[in-house]
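The values are calculated or read from the model by the stated rules, or taken from the named source; none is laboratory data. Remember, predicted model here, so these are calculated numbers, not experimental data. Here Cβ is always computed from backbone atoms with ideal geometry, including for glycine, and neighbour counts include all displayed protein chains.
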Amino acid sequence: RARAAVAPPAGLRLATSTGLGEHLERVLAEFAVRAPGVPVELVSGRAGERIEQVVDGRADAAFVRSMEPVPGVRIEPLWDDPLVAVLPAGHPLAAGPDVALGDLAGLPLAITARRNNPALVDLVVGACHDAGFEPVPGPVEGSLQDRLATIGAGVARQWTVVYAAHARVLRSPRVAFLPFRAPGLALPTQLALRSGELAPVLDIFLAACRSAAPASAPVSPAAS
């Protein structure tokens, strides 16, 4: 009993991504209020890797987007995350309040390879098809920061997408972040957990996620 009284609280290993932007800060702040003193260790990984981290126990929970059901994993819906277009700050379209997807038809799309984030790539490419055009392939290698730097340099006019929550914490004066004209583009953000009864700390974390969800972002139906 004496050892238990002085032992540090069990921590939480959370698999996450930079695309969460301000959402992550808001969730962690809410969790700190609900579970003071419980440490959180953040681990990173690509979309598929984060699920694997939950399955094999390297992470207790993982933020994922538009994830299909996986054996042994429980998927909890949180909020919908809008995407914004990224263009060179000097491009004529950057002067508008938003951008229609069809207006980007002539510009190369610089987006990650599908193997890295199939949900994102399928959403963007599918939306381009719905708008009546096949996106011009742009660079797929390199980090998001590399893509933003290339777009901002204006050497080759390109466009890409980032999550709006991430765009609000980026500092890239050479690029413009523009919302897509209605109906817009968005992916559901979810929390992946191992199936079965949740440990108390995970119950608290899930409640913190839901409490911190942006009020303007309706939750998509849960995957089952």
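Could you please tell me which pairs satisfy a Cβ distance under 7 Å, a separation of 6+ or placement on different chains, a first residue in the stretch 14-39 that is among the acidic types (Asp, Glu), and a second residue that is buried (at least 21 other Cβ atoms within 10 Å of the Cβ)? Filtered contacts from the stretch 14-39: 22/165.
Tell me, please, whether a residue that is among the charged types (D, E, K, R) and within 29 Å of residue 157 (Cβ to Cβ) can be found in the stretch 121-132. Within the stretch 121-132, one or more residues are among the charged types (D, E, K, R) and within 29 Å of residue 157 (Cβ to Cβ). Taking residue 43 as the residue in question, decide whether it is in a strand (DSSP E or B), surrounded by fewer than 17 Cβ atoms within 10 Å (Cβ to Cβ), touching a helix residue (DSSP H, G or I) at 6+ places or on another chain (Cβ under 8 Å) and not assigned by TED's automatic domain parsing to the domain that holds residue 149. Here the answer is yes, as residue 43 does meet what is asked.
Scanning the stretch 87-115 for residues that are exposed (fewer than 15 other Cβ atoms within 10 Å of the Cβ) and under 23 Å from residue 64 (Cα atoms) yields 113, 114, 115. Scanning the stretch 129-169 for residues that are part of a loop (DSSP other than H, G, I, E, B) and either touching a residue at least 40 places away in the same chain (Cβ under 8 Å) or among the small types (Gly, Ala, Ser) (or both) gives 131, 132, 138, 142, 143, 154, 156, 157, 158, 168, 169.
Of the residues 54, 99, 86, the single one that is in the same structural domain as residue 206 (by TED's automatic domain parsing) and in contact (Cβ under 8 Å) with a residue 12 or more places away in the chain is 54. Residues of the stretch 22-40 that are farther than 21 Å from residue 82 by Cα, β-branched (Val, Ile, Thr) and surrounded by 14 or more Cβ atoms within 10 Å (Cβ to Cβ): 38, 40. In the stretch 13-24, the count of residues that are of a type in the set (S, T, N, Q) and farther than 22 Å from residue 172 by Cβ is zero.
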